[in-house]
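Below is one structure; the comments refer to it alone.
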Amino acid sequence: MPMLGAVLTPHPPVLLPEVGRGREKEIAATGRSMRAAADQVAGWKLDVLIVASPHTILYGDYFHIAPGKVAVGDMTAFGAPQVRIQVEYDTLLRDEIVRRAQQADLKAGTLGQREPELDHGVSIPLYFLRKAGVVCPIVRMGLSGFSPLAHYRLGQCIAEAVETLGRRAVFVASGDLSYKLKADGPYGFAPEGPKFDETVTRAMASGDFMQFLTMNPAFCERAAECGLRSFQIMAGALDELAVAPQLLSHEGTFGVGYAVALFPVTGQDASRRCASACAQAQRDRLEKRRAGEDAWVRLARLSLETYVRTGSRLEHLPDGLPDELTRRAAGAFVSLHIGGQLRGCIGTIEATQTNVAQEIVQNAVSAGTRDPRFPPVHPEELEELEYSVDVLGEPEPVESFEQLDPKRYGVIISCGTRRGLLLPDLDGVDTVAQQVDIARQKGGIRADEPYKMERFEVVRHL
């Protein structure tokens, strides 16, 4: 069994005494657990560490695996340049992982390198492992915007590559939990934060990795989680292997969840096959959502699917549409998501078509093919897409932040001919200042330029 096990670690820089300068004592349980986990891993006599980090470069449509032969990281950004770690990459194992991932139709490789330095999501676990005597090559990879199942399948490819080359390997899943555990924390509080931490730590303690794969994406977004996709890759790397789960600690002192867990492999266990169950759970969730779509969303789906599959726009509206769609004109936005990640969003502030239905038909195609942030939607993605449609009310001018509410109102920021819009009730946008700042930036309006504000309400269709 070349996969010896896995260790799940947080990565707060303050955990290092050179950075914390005493504050590390406030999360002493996490420090003790990191040292205990590192000591256990050192006893496994491993050949290589495979490290997944949320802070290694992340692409929405690609798994980036760090190229090159060596890399260096330090804590200069956190006031401790003397903390420096250098690693060698296991180039043969990296190439075999890439080869197997590509055979599995996963978009993965070494292209797109932007930051060759080790990020702190990698350096901090290595700091503790090095102190325990673990000095070996590594493979470093980032996460992606792909589905939980795709992350799991990458983990399976890792395990296959490790076995092919006969490496004694340990997977390091670097990631904090929720960033929203306390109102006085750096990211504020959301009710989903503690619930997220409770769910994932329960999964860590029991070894029930299906929990990592089937959590509601919108719930995870509201919890502002950090490392879940690292944990999903880890689950795939331990596919069909029996583990002895150890949840060593969990703390939320600073309003961010830090958990340390260890998963030594104890043998084979064919019942621990999560891929098919994950795929079925994903299908069930999407089918349930699709069955509940209203006429607005069904029309958006029909429009984009027609265009992607045939190359032609929808020529005729379907029969039986509600009067609100055919007898009213208004601006509308169509948003697309896959696995909780935005896949496209395009809309119109004011009506450009004869009715709302035609507005949706046009904007659905634009959201899937013309959003400059994303490549055009491919046919194989259509079944995974989740749609929402926002029909905009009339904008009205406002004079101050007190007249805005990011949960109720969208906002339009204008400066001359430049305008930026942000819809209301978006995950991660909790304050008026955030909302206005994002809308201003979308319009290309500098903070020092004078601007006008308008607010509007929407009717959201899911």
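The values are calculated or read from the model by the stated rules, or taken from the named source; none is laboratory data. What you see is a predicted model; the values in this text were computed from it and never measured. Quick reminder, even Gly has a Cβ in these numbers, built from the backbone with ideal geometry, and neighbours come from all protein chains shown. To get the accessible areas, we keep the full protein, side chains included, count just its heavy atoms, and leave off ligands, DNA and RNA. Shrake-Rupley method; radii C 1.70, N 1.55, O 1.52, S 1.80 Å.
Listed values, structure above:
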{"item": "Under Karplus coefficients 6.51, -1.76 and 1.60, residue-wise ³J(HN,Hα) of segment 57-66 in Hz, glycine/proline x", "result": "3, 10, 10, x, 10, 6, 8, 8, 10, 4"}
{"item": "GluC sites (Glu not before Pro) restricted to DSSP loop in segment 349-414 with at most 16 other C-beta within 10 Å", "result": "350, 399"}
{"item": "DSSP beta bridge pairing in the chain, given as percent antiparallel to the nearest 5", "result": "75 percent"}
{"item": "Listed peptides 269-275, 249-255 by packing density, highest first (mean Cβ within 10 Å)", "result": "249-255, 269-275"}
{"item": "Bins of 5 Å, starting at 0 and running to the largest distance - Cα pair percent for segment 93-235", "result": "2, 9, 16, 18, 20, 17, 11, 5, 2, 0"}
{"item": "Helix-only CD estimate at 222 nm, as mean residue ellipticity for the chain, using -39500 (n - 2.57) per DSSP H run (n ≥ 4)", "result": "-10500 deg cm²/dmol"}
{"item": "Qualifying trypsin sites (Lys or Arg not before Pro) in segment 318-411, DSSP loop, other Cβ atoms within 10 Å at most 16", "result": "327, 328, 370, 373, 407, 408"}
{"item": "Tensor-based shape of segment 183-301 (alpha-carbon gyration tensor, a/c under 1.5 rounded, otherwise prolate or oblate)", "result": "oblate"}
{"item": "Rg [Å, one decimal], Dmax [Å, integer] - segment 1-160, C-alpha atoms", "result": "15.8, 49"}
{"item": "Vicinal HN-Hα couplings computed from phi for segment 33-43 (Karplus, 6.51 cos²θ - 1.76 cosθ + 1.60; Hz; Gly/Pro x)", "result": "5, 4, 5, 5, 5, 4, 4, 5, 4, 4, x"}
{"item": "Phi-based couplings in Hz for segment 302-312 (Karplus 6.51, -1.76, 1.60; Gly and Pro marked x)", "result": "4, 4, 5, 5, 4, 5, 5, 7, 10, x, 10"}
{"item": "1.4 Å probe accessible area per residue over segment 350-462, in Å²", "result": "51 Å²"}
{"item": "Helix axis angle, 356-369 relative to the chain longest principal axis, alpha carbon, degrees", "result": "30 degrees"}
{"item": "Residue 433 paired with residue 86, simple spin-label distance in nm, labels 7 Å along Cα-to-beta-carbon", "result": "4.3 nm"}
{"item": "With every protein chain in place, segment 65-142: carbon and sulfur % of accessible area (1.4 Å)", "result": "50 percent"}
{"item": "Point-charge dipole on Cβ atoms (K/R +1, D/E -1) for the chain, about Cα centre, debye to 20", "result": "980 debye"}
{"item": "Separation of alpha-carbon centers, segment 249-321 and segment 13-34, rounded to whole Å", "result": "37 Å"}
{"item": "For segment 154-250: rounded, prolate or oblate by the Cα gyration tensor [a/c cutoff 1.5]", "result": "prolate"}
{"item": "Sites residue 312 and residue 402 - FRET efficiency at Förster radius 51 Å, r taken between beta-carbons, to 0.05", "result": "0.55"}
{"item": "Pair residue 269, residue 288: separation of 7 Å Cα→Cβ label points (nm)", "result": "2.6 nm"}
{"item": "Helix 91-103 vs. the chain, principal-axis angle (Cα, 0 to 90°, nearest 10)", "result": "40 degrees"}
{"item": "Trypsin sites (Lys or Arg not before Pro) lying in DSSP loop within segment 17-98, provided at most 15 other Cβ fall within 10 Å", "result": "21, 45, 69"}
{"item": "Tensor-based shape of segment 193-237 (alpha-carbon gyration tensor, a/c under 1.5 rounded, otherwise prolate or oblate)", "result": "oblate"}
{"item": "Cα-based helix-to-principal-axis angle, 148-165 vs the chain, degrees rounded to 10", "result": "30 degrees"}
{"item": "Reported label for calculated Cα extents along the principal axes in Å given (1) 100, 69, 54; (2) 79, 56, 39; (3) 72, 47, 37", "result": "(3)"}
